[in-house]
Amino acid sequence: MGKSLSHNEFNVLLGALAKDYNIYAPARFEKQGRFSDTDIIRYRQVSQVEEIVWQAKSTYSPKEVVMPVTQTLFYFTQTEYREPETDTRPCLVFLRACDINGFASLDKIYLENGGTEDIYYKRLREKVKFILIECHTSFDNCFCVSMGANTTDNYSMAVRFGEENIQLELKDEQLAGYLDNIGQGNDFKPQFIQENKIKVNVPSVAEMPDWIYNDQMWKQYDHRCIACGRCNTTCVTCSCYTALDVLYDDNCQVGERRRVWASCHIDGFTDMAGGHGFRKENGARMRFKVFHKIYDFNKRFGKHMCVGCGRCDDNCPEYISYSNCINILNDRLKEGEKASV
Amino acid sequence: MCNNHLKPRPYRLLSIKKESFTECTFRLECDHTPVIGQFYEVSLPRVGEMPISISGIGSGWLDMTIRAVGHVSTAVHTLKPGDNIFLRGPYGNGFPMAEMEGKHIIIAAGGCGVSPIRPIIEHFYNHPEKITAMDLLFGFKDPSLVLFNQDIDRWKEKFNTIITVDQSCSTWEGKNVGLITEYVKQVKIPDFQNMEVIIVGPPIMMKFTAQEFIKHGVASERIIVSMERRMSCGVGKCGHCKVGDKYVCLDGPVFRYDQAQLLID
Amino acid sequence: MTLDLDRKKVVKNNWRVTKVRGKSALRIRIPGGHMSAKHFDLIRQIAENYGNGTVHITTRQGFELPEIPYEKIPEVNRMLYPLLQDLELAIGVQIDKPENGYPAAGTRNVAACIGNRVCPFANFDTTVLAKKIEKEIYPNDLHVKIAVTGCPNDCIKARMHDYGVIGVAEPVYDYERCIGCQACVKNCKKKVTGALAMHNGKVVRDERLCIGCGECVLQCPTSAWTRNPEKYFNLTIMGRTGKKNPRIGELFVQWATADVVVAIIKNTYKYAEKYIDKTLVKEHIGYIVDRTGYQVFRDAVLDGIELNPKARVAKHIQWGGHFYASDIFMTDQSAK
Ligand SMILES: Cc1cc2nc3c(=O)[nH]c(=O)nc-3n(C[C@H](O)[C@H](O)[C@H](O)COP(=O)(O)OP(=O)(O)OC[C@H]3O[C@@H](n4cnc5c(N)ncnc54)[C@H](O)[C@@H]3O)c2cc1C
Ligand code: SF4
Ligand code: SF4
Ligand code: SF4
Ligand code: SF4
Ligand code: SF4
Ligand code: FES
């Protein structure tokens, strides 16, 4: 079912939905950018269409809704672990096709890997319904088409934002009631981006040859990458975390175990007691990330981790292009093949 | 209500035995039997969690031998018998015990690496009929760090046992000194097919010892190693232990060496 | 005809009495150091048609056009109009007869580093504030030098000025967003004052040590650090070069708002009026403060100003600087 709504009508719809759902959308955080007087766009709860930034790509991804940066696992005293209460209200999340596909990657790790489900993730995840934001144009650095993540039918509702009005498609019957008396009926279906400016050739090798791990192509990143981790923190599909225990300062007997996002680019990711660690060179970390995104994960789960949202390239302060790195890798593998024939 | 895999359960400490000035063996009451080579995430509320292998299995109890090297591993040493220790697990695949039966077993272990293989030795010590022979090769930094002295004395009676230390001292006179790799050639291997070599220790030690065995004619798929990686969750979520497409906490820590070689950090 | 000049009038008009007999030099001020490139056409015309075809770029963001004959001053002043219009009148500077050129020279151009139009470190748009200050204080004959800089790197060398306005950011910490990567902590320790430390996997900031440079915001990969959108400034005073006692300016007011900074600077003129030594040719503001003492200066310039709550004012100032008379360690080659 499709509908056309004015912005006012859409706000009425949001108001009605807000009674039963927490509504998350990309929103502008004014003057909170890295540089003074610049903004960032990240996810938060919204109540008005005016708060939703649909004209630009968000700086940080919607994974924050199901994977908070800091998450308490347990509260404890010396003798017991107690799980925190969770907000049980269901959520609606406005997001793009690549990000919806990104959630599928997160699901693989948190709900499938090792045959166990992470209940903290699951509790948040199962409350989420997706509202697809249709992309009008492909943004800078997007390469969703190359990753096959430009389309999806995994959404409850799809929305085409416009200055004049808003078109939507409803797929989830549970939401039908909210639309009963609003807007004009039509047969709207969202369109998907069919071509990006950036095209990535993901190598289609069954096994990476040994030599590529130490190939000179990675060396440039030894000095170019500053191991800041932005490519991981802004990525919709990076799922790593580190757990740690903290004591409350005013009472050293009680505290909590929490987890925070981790990044395989940042120092210490592989460090073990005594100081031994792996991948000391930043080029090796780049290789590890790239392989995870377009090779290792696929080998394990039959789907690429990366969805081509391009946020890693948007946010790298050193202008390191991950998408270009994949293309370099692809070329190297081809050259290598030729050389070995 | 689904199961919270991150929630540790309390286990009672039965006894604590000092092994060296940095290592103790903690015996705890246990209601289940893990596979040899598996590990647990050991938790101390307020301090943190760490992966620790099983160094002994009995009916109703488990041993863990822990070296004080950091945050949690040091704090564990303040516990007393009767206290609770928190665990979740067992995790990982464990050693292929069944595949070892009827074979010649060679174990090379360095330092802390002796603890995860201790239950293998104990198992075949109690069931020597299940294997054709066993050679033990232990390396420690110095004589004060030799673990499981009494056990080793016992094992010596049944199995060919070589102990070496990197740095000698007065009490060690007349005994083996040098890296474990130098003693590989002393192990007699009559049949290169019907055998397994198990190597556990620090990454460098495992690498060079495996290479030494390969030099002596052992196929890399006959070598078994237990890999150590930084871990946080133990259940395939945190990503720290990932190497290649494998998660050491799920697919390891025990790997055939030919497979382990494919895993490039 | 022999030249018969009122030297003081020429100088006040922002022309210089130069070493070349008969030739003056025009001084053009660029408030905030940023202007439309179109003005280069006019500057070039004047230099080529009236001067010697060269332009000197001054240290304090002006242009000086040498060797223009004194008798051409009125003509060149008239030509200057579009420049005065765009750089002074348009920002609200009051000039009675702009066709007569610059009305005063004592209060110097308000200089600024490039600021956040370009520089990633800058905490604000320096040119905008410089222009705002220019509007409030120019024209005036009192010898005051002011510079505005985007962050405590102080690229414009604001601390070498009578007033140095240093843009600072109050770092705001989102505890939940911090992943404990330590990038901000390590950087603050290495490059700044070490105001940050890790505690329980998160960061704590020592407000007393923090100088508000905003480096932590630049470092943070999760936007756990952001800048308080309210802009703050550190005001340093009485830095100077010169032949008597060159020195670096000292911190006077910290975490002040732009309004407070501008009001203090404006008040300075009242203070100077009252205390200036009129027997001297033109007493420089710094030497007035030397005579009256800091406390008298402070109370006068803060008079009637309501400080923003976050602002802190120096109780005392320990003036440093260099005294030429103390060059006792200097030795002649022969006296080794
Ligand atoms: C499968 C496996 C089995 C192990 N078995 C034993 C054993 O039987 N006996 C023993 O003494 N040690 C064992 N270790 C090493 C032990 O896990 C580390 O010494 C311990 O984690 C150090 O924790 P810490 O808090 O004291 O050190 P810190 O340096 O304070 O480390 C902080 C955290 O980092 C992680 N970490 C640090 N070092 C390691 C490491 N080497 N491996 C994995 N995670 C690490 C842990 O989560 C730890 O809590 C084993 C490691 C692995 C991976
Ligand atoms: S790796 Fe880059 S392009 Fe791929 S999902 Fe992550 S941020 Fe997006
Ligand atoms: S790329 Fe790095 S941070 Fe991201 S999921 Fe993979 S290992 Fe984790
Ligand atoms: S964002 Fe760029 S510099 Fe930072 S870790 Fe990633 S690749 Fe390296
Ligand atoms: S603003 Fe500068 S001095 Fe203050 S904490 Fe941040 S980096 Fe340190
Ligand atoms: S840089 Fe940001 S994420 Fe890293 S420790 Fe500092 S505040 Fe936390
Ligand atoms: S320890 Fe967390 S994924 Fe293996």
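The values are calculated or read from the model by the stated rules, or taken from the named source; none is laboratory data. This is a predicted model, so every value here is computed, not measured. Here the Cβ is made from the backbone with ideal geometry for all residues, glycine too, and neighbour counts use every protein chain on show. Heads up: the accessible areas ignore ligands, DNA and RNA and are worked out on the full protein's heavy atoms, side chains in. Shrake-Rupley method; radii C 1.70, N 1.55, O 1.52, S 1.80 Å.
Mind checking the alpha-carbon convex hull of the stretch B:118-162 and giving the volume per residue in Å³?
Measuring per residue, one finds 70 Å³ for the Cα hull of the stretch B:118-162.
Between the stretch C:73-148 and the stretch A:261-312, how far is it from one alpha carbon centroid to the other, in angstrom? So the two Cα centres are separated by 53 Å. Residues of the stretch A:44-76 whose accessible area (probe 1.4 Å, heavy atoms of protein chains only) drops by at least 30 Å² once all protein chains are present, relative to their chain alone: A:TYR60, A:VAL69, A:THR70, A:PHE74.
Across peptide B:239-252, how many C-beta atoms of other chains are within 10 Å of each residue C-beta, on average?
Values: counts 13, 11, 1, 10, 5, 9, 9, 3, 4, 0, 2, 4, 2, 0.
Averaged over the peptide's residues, the number is 5.
Give me the tail of P(r) for the stretch A:101-143 as a percent: Cα-Cα pairs with distance above 18 Å. Before the final figure, lay out each step's value.
Working: 385 of 903 pairs.
In whole percent, the share of Cα-Cα pairs in the stretch A:101-143 beyond 18 Å is 43.
Once B binds A, the 1.4 Å probe can no longer reach about 3800 Å² of accessible area, counting both sides. Which lysines does C:LYS202 reach when only Cα atoms under 18 Å apart count, and residues fewer than 8 places away in its own chain are ignored? Partners found: C:LYS186, C:LYS189. Extension gain for C:ASN228-C:SER36 works out to 66.0 nm (0.36 nm per residue, less the C-alpha to C-alpha distance). Taking 7 Å steps out from each Cα toward its Cβ at B:VAL69 and A:VAL205 produces label points 3.3 nm apart.
Assuming R0 = 56 Å, can you tell me the calculated FRET efficiency for the pair C:ARG208 and C:VAL10, based on Cβ-Cβ distance, to the nearest 0.05? Before the final figure, lay out each step's value.
On the way: r = 51 Å, r/R0 = 0.91.
Once the sixth-power term is evaluated, E becomes 0.65.
Averaged over the residues of A:294-302, the number of partner chain Cβ atoms lying within 10 Å of the residue Cβ comes to 2. Since only C:LEU129, C:VAL262, C:VAL20 are under comparison, the one whose Cα sits farthest along the positive direction of the charge dipole of chain C, derived from C-beta charges on Lys, Arg, Asp and Glu, is C:VAL20.
Size of the stretch A:282-325 from its Cα atoms: along the principal axes, largest to smallest, the extents are 31, 23, 13 Å. For the stretch B:97-260, lysine pairs with C-alpha atoms less than 13 angstrom apart, excluding pairs fewer than eight positions apart on the same chain, total 4. Simple spin-label estimate for A:HIS276 and C:VAL296 gives 7.4 nm between the two label positions (7 Å along the Cα-to-Cβ direction from each Cα). Per-residue extension of 0.36 nm, minus the Cα-Cα distance of C:LEU280 and C:ARG312, leaves a gain of 8.1 nm for this segment.
So if I place +1 on the C-beta of Lys and Arg and -1 on the C-beta of Asp and Glu, and nothing else carries charge, what would the dipole magnitude of the stretch B:97-260 be about its Cα centre? I want it in debye, nearest 20.
Details: 19 positive and 20 negative charges, 74 e Å.
Computed charge dipole of the stretch B:97-260: roughly 360 debye.
Cys residues of chain A that find no other Cys beta carbon under 4.7 Å: A:CYS91, A:CYS135, A:CYS142, A:CYS225, A:CYS228, A:CYS240, A:CYS252, A:CYS264, A:CYS306, A:CYS316, A:CYS325.
Take C:240-246, A:307-313 and order them by the average number of nearby Cβ atoms within 10 Å per residue, most first; the result is A:307-313, C:240-246. Computed from the C-beta positions of A:PHE35 and B:ASN126, the FRET efficiency with R₀ = 51 Å rounds to 0.15. Contact order for the stretch B:97-260, expressed relative to its length and based on alpha carbon pairs under 8 Å spaced 6+ residues apart, stands at 22 percent.
The residue among B:MET231, B:LEU136, B:THR209 whose Cα reaches farthest toward the positive pole of the charge dipole of chain B, with charges on the beta-carbon of Lys, Arg, Asp and Glu, is B:MET231.
Largest GNM mean-square fluctuation among A:GLN55, A:GLN194, A:GLN174, using chain A with Cα springs under 10 Å: A:GLN174. Computed with a 1.4 angstrom probe on protein heavy atoms, the C-A interface buries about 2100 square angstrom of accessible area in total.
Once you sort the root eigenvalues of the Cα gyration tensor of the stretch B:9-91 as a ≥ b ≥ c, which label holds: rounded (a/c under 1.5), prolate (a/b larger than b/c) or oblate (the other case)? Rounded is the answer for the stretch B:9-91, as its axis ratio a/c remains below 1.5.
Applied to the stretch C:104-117, the Karplus parametrisation 6.51 cos²θ - 1.76 cosθ + 1.60 on θ = phi - 60° returns per-residue 3J(HN,Hα) values of 7, 10, x, 6, 7, 3, 8, 8, 8, 6, 5, x, 7, 5 Hz, with x for Gly and Pro.
Out of every Cα-Cα pair in chain C, what percent are more than 34 Å apart?
Working: 19629 of 56280 pairs.
Of all Cα-Cα pairs in chain C, 35 percent lie more than 34 Å apart.
Can you work out the accessible area per residue across the protein assembly as shown, with the rest of the protein chains kept in place, probe 1.4 Å, in square angstrom?
Values: 41770 Å² over 942 residues.
Value for the protein assembly as shown: 44 Å² per residue.
On the beta carbon distance between C:VAL118 and C:ILE57, with R0 = 30 Å, the FRET formula returns roughly 0.95. With 16 Å as the cut-off, how large is the P(r) tail for the stretch C:171-227, expressed as percent of Cα-Cα pairs? Value for the stretch C:171-227: 27 percent of Cα pairs lie more than 16 Å apart.
What number results when the radius of gyration of the stretch C:69-168, computed over Cα atoms, is divided by 2.2 N^0.38 Å? Display every interim value, and only then the final one.
Working: Rg = 15.1 Å, N = 100, 2.2 N^0.38 = 12.7 Å.
The stretch C:69-168 yields a ratio of 1.19.
Percent of C-alpha pairs per 20 Å bin in the protein assembly as shown, short distances first: 12, 31, 29, 20, 7, 1, 0.
By the Cβ rule of 4.7 Å, chain C holds the following cysteines without a possible disulfide partner: C:CYS119, C:CYS151, C:CYS178, C:CYS181, C:CYS188, C:CYS210, C:CYS213, C:CYS220. With the largest listed first and rounded to whole Å, the semi-axes of the equivalent ellipsoid of the stretch C:80-130 from the Cα gyration tensor are 27, 11, 8.
Holding the Cα-Cα limit at 18 Å, pick out from A:LYS19/A:LYS127; A:LYS31/C:LYS231; C:LYS9/C:LYS282; A:LYS108/A:LYS303; C:LYS132/C:LYS310 the pairs that are longer than that.
Working: A:LYS19/A:LYS127 15 Å; A:LYS31/C:LYS231 11 Å; C:LYS9/C:LYS282 14 Å; A:LYS108/A:LYS303 9 Å; C:LYS132/C:LYS310 22 Å.
Exceeds cut-off: C:LYS132/C:LYS310.
Peptide C:210-223 has a mean shielding of 4, counted as Cβ atoms of other protein chains within 10 Å of each residue's Cβ.
Net charge dipole, chain A: roughly 720 debye, given to the nearest 20, about the Cα centre with Cβ charges of +1 for Lys and Arg and -1 for Asp and Glu.
Note down, for chain A, the three equivalent ellipsoid semi-axes (square root of 5 times each alpha carbon gyration tensor eigenvalue), biggest first, whole angstrom.
Values: eigenvalues 247, 162, 65 Å².
The three semi-axes for chain A are 35, 28, 18 Å.
Cα centroid separation, the stretch A:172-223 to the stretch A:43-75: 19 Å.
Once you've got the GNM for chain B with C-alpha springs shorter than 10 Å, pick whichever of B:HIS123, B:HIS77, B:HIS32 has the biggest mean-square fluctuation. The residue that fluctuates most here is B:HIS32. Tell me which of A:CYS306, A:GLY274, A:SER323 sits at the most positive position along the dipole axis of the stretch A:262-341, charges placed on C-beta atoms (Lys, Arg +1; Asp, Glu -1). The listed residue farthest towards the positive side: A:CYS306. Global dimensions of the stretch B:97-260 from alpha-carbon coordinates: Rg and Dmax equal 16.0, 50 Å. For B:ILE199, the residues whose modelled amide H falls within less than 5 Å of its own, excluding neighbours fewer than 5 places apart on the same chain, are B:ALA108, B:ILE224, B:VAL225, B:SER226. Here the simple spin-label model places points 7 Å from the Cα toward Cβ, and for B:CYS169 and A:VAL246 these points are separated by 4.2 nm. What residues of the stretch A:259-301 lie in the reach of a label at A:GLU318, counting those whose backbone N is under 18 Å from a point 7 Å from the Cα along Cα→Cβ? Of the residues in the stretch A:259-301, A:263-270, A:278-292 have backbone N under 18 Å from the label point off A:GLU318.
Quick one: of the DSSP bridges fully inside chain B, what percent are antiparallel, nearest 5? Don't skip to the answer; put the middle values down first.
Working: 34 of 58 bridges.
Just about 60 percent of them are antiparallel.
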